[in-house]
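Have a look at the structure below before the remarks.
The values are calculated or read from the model by the stated rules, or taken from the named source; none is laboratory data. What you see is a predicted model, and the numbers here were worked out from it, not measured in a lab. Note: ideal-geometry Cβ built from the backbone for every residue, glycine included; neighbour counts use all protein chains shown. These accessible areas exclude ligands, DNA and RNA; they are computed on the full protein's heavy atoms, side chains included. Shrake-Rupley method; radii C 1.70, N 1.55, O 1.52, S 1.80 Å.
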Amino acid sequence: MKKLNKYLAYVDNGKQTASMALTATSKKSAMKALDGMGEVVALKNLNDERPVKAEDIREALQASKKFDKLEMDWIVHALTLTGIVTDGTEPQPEAKTDAAPEAKPEKKSKSRKAKTDAKPDVKADAPKLESKPEDKGEKKPDAKPTEEKKSA
């Protein structure tokens, strides 16, 4: 589902100036929605300035006594999915201070040697190869001498 932004628009139709709240995916789509209503004097994005909490919406719907629990859940869920309402788990924007900007940590890149020393990934299901003592010129301590069979 597309995230929606909250906008406050001031529109002058030649007779009066009206303010209206609307939601849109972008400023461009908000301007398109206001097309034909008059001259758009101002269009302000209110996402950061006016957060709406899901609990406030739920309380308002309960106070109206026009919706049952299931309908309230659907309304709050839909508004949360579109980004119009926050459910309290999203980080709220912090007030900007006049403090100096924080220094960004430097990214550490691997050295050329570290890249070449890296071992390739081995699949877990690949058979493990074990070296035999005969391969190294050693004899097994418990090995029995084999007898050669004479062919008839």
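Within the range 47-85, how many residues are in contact with a Phe, Trp or Tyr (Cβ under 8 Å, 6 or more places away or on another chain) and closer than 19 Å to residue 5 by Cα?
Qualifying residue count for the region: 1.
Of the conditions (1) on the phi > 0 side of the Ramachandran plot; (2) surrounded by 12 or more Cβ atoms within 10 Å (Cβ to Cβ); (3) out of contact with any Asp or Glu (no Cβ under 9 Å at 6 or more places or on another chain), residue 22 satisfies every one except a single condition; which number is it?
Of everything listed in (1) on the phi > 0 side of the Ramachandran plot; (2) surrounded by 12 or more Cβ atoms within 10 Å (Cβ to Cβ); (3) out of contact with any Asp or Glu (no Cβ under 9 Å at 6 or more places or on another chain), residue 22 misses just condition (1).
Please verify whether residue 76 is hydrophobic (A, V, I, L, M, F, W, C), open to solvent by less than 80 Å² (accessible area, probe 1.4 Å) and at pLDDT 90 or above, treating the condition exactly as stated.
Spelling it out, residue 76 is indeed hydrophobic (A, V, I, L, M, F, W, C), open to solvent by less than 80 Å² (accessible area, probe 1.4 Å) and at pLDDT 90 or above.
Taking the residues in the range 25-64 that are at pLDDT 90 or above and of a type in the set (Lys, Arg) as candidates, determine which candidate is least open to solvent (accessible area, probe 1.4 Å).
Looking at residues that are at pLDDT 90 or above and of a type in the set (Lys, Arg), I get 58.
Return the total of residues in the range 1-19 being assigned to a strand (DSSP E or B) and either surrounded by 13 or more Cβ atoms within 10 Å (Cβ to Cβ) or in contact with a helix residue (DSSP H, G or I) (Cβ under 6 Å, 6 or more places away or on another chain) (or both).
10
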